[in-house]
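Asker: Here it is, the structure in full.
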Amino acid sequence: QDISRPLHSSLLLGVERLASSRMSKKWHCSLSHIPLRADGHLNEPYKNRNAIVHKGLPNSRAYAAYGREGLILAVIVPDAQSSRLVSRDGTLRGDALRVAWDPLNNARFHPEPDDRGLVLGLPDPDEPRKVEPVAGGERSFNGECEIRRDEGGKRTIYELFIPWSDLGHRLPLRLDLGIVNDDGNKTWHSLGEGITERDFIPGFMPLLTPEE
């Protein structure tokens, strides 16, 4: 160790390098020439080479595609048992997909009023899909989603379409996905390290960019 360098400077340098490595993470998004529709059947031109995989969830896959109307996301989560999304004492419980994005692309290290977040889940058999705003909640959400259980394959498929008007920014755009599995022993994974269990960090969200 270089003792001529103050310890706190070394720690700050390490934090800066960690932040830089996270902020430089990119996801690639496929271009679609057909209208985008969130129907849970994955008909959009998602490409395996652009699949987003989390090391903690090796069998899960997330995909993104964009077109004239906006952005569409698909997330496939292996899950032998699904649990419904419910609100208990103001807290959402159950299996869910969390989505957050940074409309101004200013990559702050704390949420700001412009940042948007949604929670998708299966609330009950009579209402087969649910979108719950968790940030920017005073604004309406004009997109669409479909959540489909594949009991044969023991998996849940989430598909979400977000129009450009809701995204607030064309690509590249900072966006992250979080998968919550709450079947009694709750686990959650942020695919890009920008979503925490209770909040999200826009500066750590991957930069979603058009396919090169």
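Nothing in this text is a laboratory measurement; each read-out follows from the coordinates by a stated rule. Everything numeric here is computed off the predicted structure, so don't read it as measured data. Glycine also receives a Cβ, built like all others from the backbone with ideal geometry; neighbour counts cover every protein chain displayed.
Asker: Give me the distance in nm between label points sitting 7 Å out from Cα along the Cα-to-Cβ direction at residue 47 and residue 108, one decimal.
Answerer: 3.5 nm
Asker: A follow-up question, please. Once you charge only the Cβ atoms, +1 for Lys and Arg and -1 for Asp and Glu, what is the size of the charge dipole of region 27-69 about its Cα centre, to the nearest 20 debye? Walk me through the intermediate numbers first.
Answerer: On the way: 6 positive and 3 negative charges, 40 e Å.
The dipole of region 27-69 has a size of about 200 debye.
Asker: In nanometres, what is the gap between the two model label sites at residue 187 and residue 170, each 7 Å from Cα along Cα-to-Cβ?
Answerer: Each label point is offset 7 Å from its Cα along the Cβ direction, giving 4.1 nm.
Asker: Taking amide H atoms as placed 1.01 Å from N in the peptide plane, list the residues 5 or more away in sequence, or in a different chain, whose amide H sits under 5 Å from that of residue 155.
Answerer: Correct list: 79, 150.
Asker: Can you spot the lysines whose alpha carbon is less than 24 Å from residue 154's alpha carbon? Ignore those fewer than 8 places along the same chain.
Answerer: List returned: 47, 55, 130, 186.
Asker: How far is it, in nm, from the label point at residue 86 to the one at residue 148 when both lie 7 Å from their Cα along the line to the Cβ?
Answerer: The two pseudo-label positions are separated by 2.8 nm.
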